[in-house]
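The values are calculated or read from the model by the stated rules, or taken from the named source; none is laboratory data. Source: prediction; values computed, not measured. Glycine gets a Cβ as well: all are built from the backbone with ideal geometry, and neighbour counts include every protein chain shown.
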Amino acid sequence: MAIVFLLYAAALAFAAWNVWRPIHASARLTAFSFGLALISGLFSLHIVAENIVVGLLFLWAGAIEGLAGLLAAMLYLAALLSLLVFHFRSYTTVEVVEASLKRGLGDEYRQRIDADLSISFPEGLDVLRILKPLPQDLPGVEIIKDIAYTPDGDIRALDIYRKHEHGHNRPVLLQIHGGAWTEKMGSKNEQARPLLNHMALRDWICVSVGYRLSPGATMPEHVIDVKDALIWVKDNIGEYGGDPDFIIATGGSAGGHLCALLTLTPGDPLFQPEALGRDTSVQGCVPFYGVLDLMNDTGTHVDFEAFLADSVIKVPRQEDPELWNAVSPLRRVHEHAPPFYVICGDTDNLVPVETNALFARKLAEVSRGSVCYAEIPGAAHAFDLIRTPHSEHVLHGIERWLAYQYSRHRAAGKADVETPVESSLKTKA
């Protein structure tokens with residue numbers, strides 16, 4: 001029994017270590033490490049609670065005897081302590097998020113938020129919601145599913161999240177799901193639901209977009225679909241209580257790439273060939289751990305480039321550099337970009353954190369819109385999938401950022417390019 005306990009303790013210790021130091025090596029090993037870190041990180045407190053019971057069972061079975069049992073007990077306790085430290089360290093995310101907003105918007109940014117928006121800001125975490133993160137959807141939120149935004153419909157449909165007692169002419173949050181642009185890797189049905197539910201209760205009209213996926217779809221068809229969805233929202237969201245003149249785009253991973261590209265390319269005929277001349281501008285963007293550097297300007301993802309060439313763009317970069325350049329958000333930054341809030345975790349082993357940092361810095365150097373950048377300590381890829389201290393503090397920060405942008409929009413009478421305060425991103429190494 002002592003050997004069984006030792007093997008179990010070693011596996012738990014590896015899982016705990018992997019939360020802090022996820023592996024970036026071969027594609028398969030990286031994917032395994034990501035999946036293990038995601039589960040161990042999102043449910044760290046639950047895993048500790050369950051394994052206290054498991055440990056007592058091992059103790060009752062006499063497994064802590066001899067050298068093997070002693071070593072197992074030491075590994076076991078170290079793993080549980082490591083997961084506990086990881087969980088409670090995530091509460092410091094509030095300080096990181098607030099600092100990022102002050103750098104990008106100014107120390108007094110809260111004073112420039114309308115009182116009717118700031119009065120509902122949560123100042124702490126709902127511990128019960130973190131302990132019981134499922135179900136994701138909240139009472140009081142109405143979800144209208146599978147509205148086709150193209151005549152043929154199929155996967156090109158969207159869901160609308162809104163408060164049952166919703167208002168009219170309300171701000172719109174346009175969510176684009178991730179999943180490596182690939183079939184069976186992600187959909188509008190499971191991603192960003194904590195954010196969509198939370199902002200719906202704040203009387204935002206939230207739209208979650210589905211789009212064609214690879215290998216059936218080839219870039220830039222993914223972007224074209226997202227643009228079509230935006231055009232539908234501009235034409236129809238008023239019927240659902242939304243304001244077509246104030247739309248913020250958001251998304252994670254591949255969705256972070258698409259929302260950033262959407263935001264940076266209003267009116268680009270490459271991405272709206274059947275809608276030339278239509279306004280496809282938005283008033284801001286919040287990419288989560290986005291794939292923002294497809295040209296590998298940071299020199300961090302050679303294997304990822306091969307995947308894009310084989311499955312998504314379906315042509316090597318050397319054969320069509322113009323297309324690759326056109327679909328890389330880092331190459332599309334410009335001075336007329338609207339405000340951005342770039343968010344990533346510093347332990348992300350799928351999308352290198354350097355790409356998000358470089359994108360935010362380059363954008364801040366040229367854009368007249370404000371740029372906020374938050375690098376969340378201990379957060380992995382897809383850290384916002386369920387409610388945790390990491391994701392809840394980030395969500396609260398996004399609510400403040402959204403309220404700030406919406407307050408400026410209301411004060412101006414309509415959306416305009418924001419003049420940024422001086423951002424430390426411009427001097428960050």
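At a glance:
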| read-out | value |
| --- | --- |
| Whichever residue in region 345-374 is touching a His at 6+ places or on another chain (Cβ under 9 Å) and β-branched (Val, Ile, Thr) and, among such residues, is modelled with the highest pLDDT | Val366 |
| Among residues of region 81-103, those that are of a type in the set (A, V, I, L, M), in contact (Cβ under 8 Å) with a residue 40 or more places away in the chain, farther than 14 Å from Gly345 by Cα and out of contact with any strand residue (DSSP E or B) (no Cβ under 9 Å at 6 or more places or on another chain), counted | 2 |
| Residue count, region 163-176 (criterion: in contact (Cβ under 8 Å) with a residue 40 or more places away in the chain and either farther than 16 Å from Val286 by Cβ or surrounded by fewer than 24 Cβ atoms within 10 Å (Cβ to Cβ) (or both)) | 6 |
| Search result, residues across region 257-270 that are crowded, with 24+ Cβ neighbours inside 10 Å and more than 24 Å from Ala403 (Cβ to Cβ) | His257, Leu258, Leu261 |
| Residue within region 108-121 that is of a type in the set (Val, Ile, Thr), within 22 Å of the chain's Cα centre (by Cα) and modelled with pLDDT under 95 present | no |
| Selection within region 200-224 - surrounded by 24 or more Cβ atoms within 10 Å (Cβ to Cβ), among the aliphatic types (A, V, I, L, M) and in contact with a Pro (Cβ under 9 Å, 6 or more places away or on another chain) | Ile205 |
| Residue list for region 54-94, filter: within 24 Å of the chain's Cα centre (by Cα) and of a type outside the set (A, V, I, L, M, F, W, C) | His87, Arg89, Ser90, Tyr91, Thr92, Thr93 |
| Lone unmet requirement of (1) among the β-branched types (Val, Ile, Thr); (2) assigned to a helix (DSSP H, G or I); (3) more than 20 Å from the chain's Cα centre (by Cα) for Ile23 | (2) |
| Residues within region 296-313 that are loosely packed, with under 15 Cβ neighbours inside 10 Å and either in contact (Cβ under 8 Å) with a residue 12 or more places away in the chain or on the phi < 0 side of the Ramachandran plot (or both), tallied | 4 |
| Residue that is surrounded by the fewest Cβ atoms within 10 Å (Cβ to Cβ) [pool: residues in region 150-162 that are at pLDDT 95 or above and either not aliphatic (A, V, I, L, M) or not assigned by TED's automatic domain parsing to the domain that holds Trp401 (or both)] | Asp159 |
| Those helices (runs of 4 or more DSSP H) lying entirely in region 321-412 with at least 1 residues within 26 Å of Asp116 (Cα to Cα) | 389-412 |
| Region 383-429 - residue that is surrounded by fewer than 18 Cβ atoms within 10 Å (Cβ to Cβ) and of a type in the set (Asp, Glu) and, of those, modelled with the highest pLDDT | Asp416 |
| Identity of the residue in region 177-226, without any contact (Cβ under 8 Å) to a residue 40 or more places away in the chain and small (Gly, Ala, Ser), that ends up nearest to Cys259 (Cα to Cα) | Ser187 |
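Let's see how each residue does on (1) part of a strand (DSSP E or B); (2) hydroxyl-bearing (Ser, Thr, Tyr); (3) within 18 Å of Trp204 (Cα to Cα):
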| residue | (1), (2), (3) |
| --- | --- |
| Asn236 | no, no, yes |
| Gly251 | yes, no, yes |
| His257 | no, no, no |
| Leu262 | no, no, no |
| Gly267 | no, no, no |
| Leu270 | no, no, no |
| Pro273 | no, no, no |
| Leu276 | no, no, no |
